[in-house]
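One structure is given below, encoded as structure tokens.
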Amino acid sequence: MSYEAARKDYVKHVLEESDCLESPIEMLESWLHEAVQETEDANAMTLTTVDAMGRPSSRMVLIRKLDQRGVVFYSNYTSKKSLDINENPNVAVNFFWPWLERQVRVEGTVVRLPEAESDAYFKSRPRESQIGAWASTQSEEMTSRDQLEKRAEEFALRFEGQEVPRPEFWGGFIIQPNMFEFWQGRASRLHDRIKYEPFENRWKFKRLFP
Ligand SMILES: Cc1cc2nc3c(=O)[nH]c(=O)nc-3n(C[C@H](O)[C@H](O)[C@H](O)COP(=O)(O)O)c2cc1C
């Protein structure tokens, strides 16, 4: 089948106003919970940042926590995405769960996670990932793959016999949300879309044309 001819009808679920929770954070939590039951990487989201010139840039990251503050992910603080965030804290994320025929969009402004929380999360990671964080000067040019593997070996030696500390240049971010959209695929392209925005210290939702 060619991608030009690929075509499907979305028929699995519906999204009624009566399904919409008061809090879009709880709504996302519930959809995420359903999504991760079925496959790996359901916690992956596309993160779009914008640089100082207004140029957008997207990549996948993993959601690691969701609470009243917003969506938490981790990265290298000197990476391209982090430099963009330093210049412009406005970001957008996008989840797509094809097996549920669902999409969620979140927009918000980013702040750094408190250091103690980044420390605790870093501690919980496998040792190889901790070493990997030290070894990667994320987004910088590398002369060859060897360079990365050599750095990983060097850091493995440096921290041999001790706990690997969190590098100062690696940690979490919180996306403080100001918009959520829940999309449920429906038959004949008559999809359901529900958009939440803040309204007088709570959230208000409305239905959008698909
Ligand atoms: C499924 C998936 C999950 C990823 N999760 C993360 C993540 O949580 N944090 C991260 O920094 N990069 C993650 N990456 C790598 C990023 O997509 C990206 O390559 C990297 O962060 C560098 O991006 P940048 O140069 O735009 O900063 C992930 C990639 C994939 C495909």
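Let's see how each residue does on (1) part of a helix (DSSP H, G or I); (2) in contact (Cβ under 8 Å) with a residue 60 or more places away in the chain:
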residue: VAL11; (1), (2): no, yes
residue: LEU15; (1), (2): no, yes
residue: ILE25; (1), (2): yes, yes
residue: HIS33; (1), (2): yes, no
residue: ALA92; (1), (2): no, no
residue: PHE96; (1), (2): no, no
residue: VAL104; (1), (2): no, yes
residue: VAL111; (1), (2): no, yes
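Out of segment 93-116, which residues are under 14 Å from VAL71 (Cβ atoms) and not β-branched (Val, Ile, Thr)?
So in segment 93-116, the residues under 14 Å from VAL71 (Cβ atoms) come out as 93-95, 104-113.
Passing the criteria: ASN94, PHE95, ARG105, GLU107, GLY108, ARG112, LEU113.
Would you mind telling me which numbered condition in (1) of a type outside the set (Ser, Thr, Tyr); (2) out of contact with any strand residue (DSSP E or B) (no Cβ under 9 Å at 6 or more places or on another chain); (3) open to solvent by 90 Å² or more (accessible area, probe 1.4 Å) PHE209 fails?
Going through (1) of a type outside the set (Ser, Thr, Tyr); (2) out of contact with any strand residue (DSSP E or B) (no Cβ under 9 Å at 6 or more places or on another chain); (3) open to solvent by 90 Å² or more (accessible area, probe 1.4 Å) one by one, PHE209 breaks only (2).
Among what's in segment 1-48 and is within 15 Å of the chain's Cα centre (by Cα) and acidic (Asp, Glu), pick the residue that is least open to solvent (accessible area, probe 1.4 Å).
Out of the qualifying residues, it is GLU29.
Is it true that SER82 is at negative phi, part of a helix (DSSP H, G or I), among the hydroxyl-bearing types (Ser, Thr, Tyr) and surrounded by 15 or more Cβ atoms within 10 Å (Cβ to Cβ)?
So SER82 passes the test.
May I ask you to list the residues in segment 152-197 that are exposed (fewer than 14 other Cβ atoms within 10 Å of the Cβ) and over 27 Å from SER118 (Cβ atoms)?
ALA187, SER188, ARG189, LEU190
Any residue in segment 130-143 that's under 13 Å from SER79 (Cβ atoms) and part of a helix (DSSP H, G or I): show its pairings with residues that are open to solvent by less than 40 Å² (accessible area, probe 1.4 Å) and modelled with pLDDT of 95 or more at Cβ separation under 8 Å, as long as the two are six or more apart or on different chains.
Listed pairs, sorted by first residue: ALA133/ASN76; ALA133/PHE122; ALA133/PRO167; ALA133/TRP170.
Could you list, in sequence order, all residues of segment 101-116 that are open to solvent by less than 70 Å² (accessible area, probe 1.4 Å) and either more than 19 Å from MET45 (Cβ to Cβ) or among the hydrophobic types (A, V, I, L, M, F, W, C) (or both)?
VAL104, VAL106, VAL110, VAL111, LEU113, PRO114
Determine which member of the set THR78, THR46 is within 22 Å of ILE194 (Cβ to Cβ), modelled with pLDDT of 95 or more, within 11 Å of the ligand (Cβ to nearest atom) and not aliphatic (A, V, I, L, M).
Every option except THR46 fails the conditions.
Just to verify a result, which residue in segment 59-73, among those that are within 8 Å of the ligand (Cβ to nearest atom) and open to solvent by 40 Å² or more (accessible area, probe 1.4 Å), is nearest to the chain's Cα centre (by Cα)?
The extreme case among them is LEU62.
Six or more apart or on different chains, Cβ atoms under 7 Å: show the pairs whose first residue is in segment 36-48 and touching a residue at least 24 places away in the same chain (Cβ under 8 Å) and hydroxyl-bearing (Ser, Thr, Tyr) and whose second is open to solvent by 40 Å² or more (accessible area, probe 1.4 Å) and within 12 Å of the ligand (Cβ to nearest atom).
Cβ pairs passing all conditions: THR46/SER58; THR46/MET60; THR48/PRO56; THR48/SER58.
Does PHE95 satisfy the condition of being modelled with pLDDT of 95 or more, near the ligand (Cβ under 10 Å from one of its atoms) and crowded, with 16+ Cβ neighbours inside 10 Å?
no
Where in segment 170-210 are there strands (runs of 3 or more DSSP E), lying fully within it, with 1 or more residues that are free of Cβ contacts under 8 Å to residues at least 60 places away in the same chain? Step through it out loud before you land on a result.
Values: elements: 170-184, 192-199, 202-207.
Filter on segment 170-210 gives 192-199, 202-207.
Report whether or not VAL71 is assigned to a strand (DSSP E or B) and within 16 Å of SER30 (Cα to Cα).
Details: assigned to a strand (DSSP E or B): yes; within 16 Å of SER30 (Cα to Cα): yes.
Yes, satisfied.
The values are calculated or read from the model by the stated rules, or taken from the named source; none is laboratory data. Here the structure is a predicted model, which means the values were calculated and not measured. FYI the Cβ positions are ideal-geometry reconstructions off the backbone, even for glycines, and counts take in every protein chain you see. Please note that ligands, DNA and RNA were not included when accessible areas were found on the heavy atoms of the full protein model with its side chains. Shrake-Rupley method; radii C 1.70, N 1.55, O 1.52, S 1.80 Å.
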